[in-house]
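Below you'll find the structure, written out as structure tokens, and then a few comments.
The values are calculated or read from the model by the stated rules, or taken from the named source; none is laboratory data. Not measured: the values here are computed from a predicted model. Cβ placement follows ideal geometry from the backbone for every residue including glycine, while neighbour counts extend to all protein chains displayed.
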């Protein structure tokens, strides 16, 4: 067996290792083969991993810069909030997180009493808006003198709870020209 | 014979080089999952509008 092996080597392999032209072809072929094998199974995965990691590092650095800035903003926001803590409560009264219908009725009742008009009827309409800022339309019927009704409307508009007058319909009641009935359409808002 | 093999190996090397280039391009351009969630990445405005607060103070009965 070793003799056959040597003969095989001498006839088929040795020329490729010793004859100058074939030897150079062998070296070139082996080099190309090595490059192909290493390129496909070692260099390619390494380069892909390096590229992915570089991208991740770049993104992470961007996120870190943004988060550092956000932390600064949060610290500043905390300081500002402490300064304006009392005043910020006013925002909740102006734009509460729920309809607060009893509070609306109380406001209407107080304003009516203060301005000598009689509050006859209050009708709440369907809430408008899906999420976030919601609008609650309602209608108020009051009776009284024109000047008093005017003061009543002004007081509602200037109250801490945001109320916007949409429409006012005035009519006379009986023979008394001074005595009027006003149907006032208003909207108020809340933020859920 | 040996020259043919060299040519085949040379072409194979070109193909492998192209494969590496395509993979590198894909790795460079593919969108990866964000490092931090979108919610956390929302910016925060630290300013409080004191003009509005002053207006609200004036509206108090």
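Quick look at the values:
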| quantity | calculated |
| --- | --- |
| Output for the range A:13-42, where each listed residue is under 58 Å from the mean Cα position of the chain (by Cα) and exposed (fewer than 15 other Cβ atoms within 10 Å of the Cβ) | A:33, A:34, A:37, A:38, A:41, A:42 |
| Qualifying residue in the range B:29-41 (condition: closer than 30 Å to residue A:38 by Cβ, in a loop (DSSP other than H, G, I, E, B) and within 7 Å of another protein chain (Cβ to nearest Cβ)) | yes |
| Condition broken by residue B:45, with the remaining ones in (1) exposed (fewer than 12 other Cβ atoms within 10 Å of the Cβ); (2) under 27 Å from residue A:52 (Cβ atoms); (3) in contact with a helix residue (DSSP H, G or I) (Cβ under 8 Å, 6 or more places away or on another chain) satisfied | (2) |
| Breaking point among (1) within 8 Å of chain A (Cβ to nearest Cβ); (2) modelled with pLDDT of 90 or more; (3) under 25 Å from the mean Cα position of the chain (by Cα), for residue B:18 | (1) |
| Condition met for residue A:87 (surrounded by 11 or more Cβ atoms within 10 Å (Cβ to Cβ), within 10 Å of chain B (Cβ to nearest Cβ) and closer than 30 Å to residue A:138 by Cβ) | yes |
| Only listed residue being part of a helix (DSSP H, G or I), out of contact with any strand residue (DSSP E or B) (no Cβ under 6 Å at 6 or more places or on another chain) and exposed (fewer than 12 other Cβ atoms within 10 Å of the Cβ), chosen from A:76, A:82 | A:82 |
| Considering residues of the range A:153-192 that are out of contact with any strand residue (DSSP E or B) (no Cβ under 9 Å at 6 or more places or on another chain) and within 17 Å of residue A:136 (Cβ to Cβ) only, the residue surrounded by the most Cβ atoms within 10 Å (Cβ to Cβ) | A:159 |
| Selection status of residue B:38, over 25 Å from residue A:160 (Cα atoms) and either out of contact with any strand residue (DSSP E or B) (no Cβ under 6 Å at 6 or more places or on another chain) or touching a residue at least 24 places away in the same chain (Cβ under 8 Å) (or both) | yes |
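Per-residue answers, yes or no, for (1) part of a helix (DSSP H, G or I); (2) within 14 Å of chain B (Cβ to nearest Cβ):
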| position | (1), (2) |
| --- | --- |
| A:65 | yes, yes |
| A:70 | yes, yes |
| A:99 | no, no |
| A:135 | no, no |
| A:148 | yes, no |
| A:152 | yes, yes |
